[in-house]
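A.B. asks: Take this structure, written in structure tokens, and hold onto it; I'll ask about it next.
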Amino acid sequence: MSIASIQSDRLGANPFVVEGPIVSGSGIPAPNFSLGTVAGGDRESEWVYCQLVLASQTTLQPGQWFHWTRDYVASLLTTAAAVVGQRCGVFSGAAQPPTLTGGPFGAITLAPGTYYVWLQRNGQAPALVATATAALVVAETTTTPGQASAPASATATTKAIANVNFAAANQTFTATTVNGSNLLTSLSGLNAGSGPFIGAAVSGTGISGGTTISGITYSPSGVVQSITLSANATANGTGITITATGVLEATLMRPFLSKVN
């Protein structure tokens with residue numbers, strides 16, 4: 001996952017802050033940047049400033065896929081809504097909760113309204129995927145808003161996403177579990193930049209089926225210290241192998257919707 005470091009000389013670009021909801025006549029200036037403005041960071045990363053209009057309460061999580069028009073109006077990516085030729089990218093996470101809930105580089109729940117968000121189009125990023133296989137070179141849309149797929153071969157009637165690949169079909173690391181606790185500690189085999197990511201499904205000895213990552217704690221230097229799970233562990237364990245799937249590290253190279261499969 002890339003971190004934005006290049007700042008704008010205007011107000012300062014922070015790709016992890018969601019602006020809004022913007023209420024007409026409130027006196028709050030928006031948008032704060034020109035639509036289509038690009039912010040850069042490490043690992044060749046780039047974010048694009050887009051408008052997002054939500055008709056209902058919506059939770060955004062790191063790795064969700066969006067596509068946007070030539071006017072930089074974004075919407076969650078689905079096969080039905082995808083338009084061949086449009087650019088696409090991912091939501092990297094939110095750094096503050098402007099309306100309902102949220103957390104550092106995590107998911108955020110937004111009330112209906114107009115927002116302005118930074119969507120990542122280049123560099124290493126979390127990506128929400130339904131399926132990932134050893135091929136890791138085929139990316140396509142799905143019927144689930146914000147979710148892509150990386151099957152071994154293209155699925156008929158989906159839309160192909162060009163210029164993206166995935167580091168692996170899953171991620172493994174080791175951790176200590178405590179019966180009745182939802183924290184994974186004594187982590188090994190992790191790199192903060194490449195995951196795991198909030199929303200990923202995890203499995204391993206003492207981990208209940210359907211458990212996901214709901215939070216990640218970092219040290220001031222960026223080292224992952226602990227991982228919070230959506231359910232408590234059911235056994236004590238040391239050096240337990242944990243497998244994370246569903247939100248994987250992707251390399252984005254200005255992806256776009258290239259064709260109908």
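A.B. asks: When the chain is fully extended, how far beyond the present Cα-Cα distance does Val223 get from Ala130, taking 0.36 nm per residue of separation?
C.D. replies: 30.7 nm
A.B. asks: With labels modelled as points extended 7 Å from the Cα through the Cβ direction, what inter-label distance (nm, one decimal) is found for Ser181 paired with Thr143?
C.D. replies: 4.2
A.B. asks: Which value, in debye to the nearest 20, gives the size of the charge dipole of the chain about its Cα centre, when Lys and Arg are +1 and Asp and Glu are -1 at the Cβ?
C.D. replies: Computed charge dipole of the chain: roughly 300 debye.
A.B. asks: Tell me which of Thr234, Ala154, Thr144 sits at the most positive position along the dipole axis of the chain, charges placed on C-beta atoms (Lys, Arg +1; Asp, Glu -1).
C.D. replies: Most positive-ward Cα: Ala154.
A.B. asks: Work from the charge dipole of the chain (Cβ charges, +1 for Lys and Arg, -1 for Asp and Glu, about the Cα centre) and give the residue of Ala167, Ala135, Ala250 farthest towards its positive end.
C.D. replies: Projecting each Cα onto the dipole axis, the largest value belongs to Ala135.
A.B. asks: Have a look at the DSSP beta bridges in the chain and tell me what percent are antiparallel, nearest 5.
C.D. replies: Expressed as a percentage, antiparallel bridges in the chain total about 95.
A.B. asks: So, by mean Cβ neighbours within 10 angstrom, what's the order for 135-142, 194-201 with the highest one leading?
C.D. replies: 194-201, 135-142
A.B. asks: Now a separate question. What does the charge add up to near Ser45, with Lys and Arg as +1, Asp and Glu as -1, over the other residues with Cβ less than 13 Å from its Cβ?
C.D. replies: Overall, the nearby charge balance is -1.
A.B. asks: While we're on this one: Ignoring ligands, DNA and RNA, what percent of the 1.4 Å accessible area of the chain is carbon and sulfur?
C.D. replies: 52
A.B. asks: Determine the per residue accessible area of the chain with all protein chains present and a 1.4 angstrom probe, expressed in square angstrom.
C.D. replies: Counting only protein heavy atoms, the per-residue value for the chain is 43 Å².
A.B. asks: Report Arg254's accessible area, 1.4 Å probe, all protein chains in place, as a number in Å² to the nearest 10.
C.D. replies: Approximately 120 Å² of Arg254 is accessible to the 1.4 Å probe.
The values are calculated or read from the model by the stated rules, or taken from the named source; none is laboratory data. Owing to the predicted nature of the structure, the values given are computational and were not obtained by experimental measurement. Neighbour counts are summed over all protein chains in view; Cβ atoms, including those assigned to glycine, are modelled from backbone coordinates with ideal geometry. Surface areas here come from the heavy atoms of the whole protein model, side chains and all, with no ligands, DNA or RNA. Shrake-Rupley method; radii C 1.70, N 1.55, O 1.52, S 1.80 Å.
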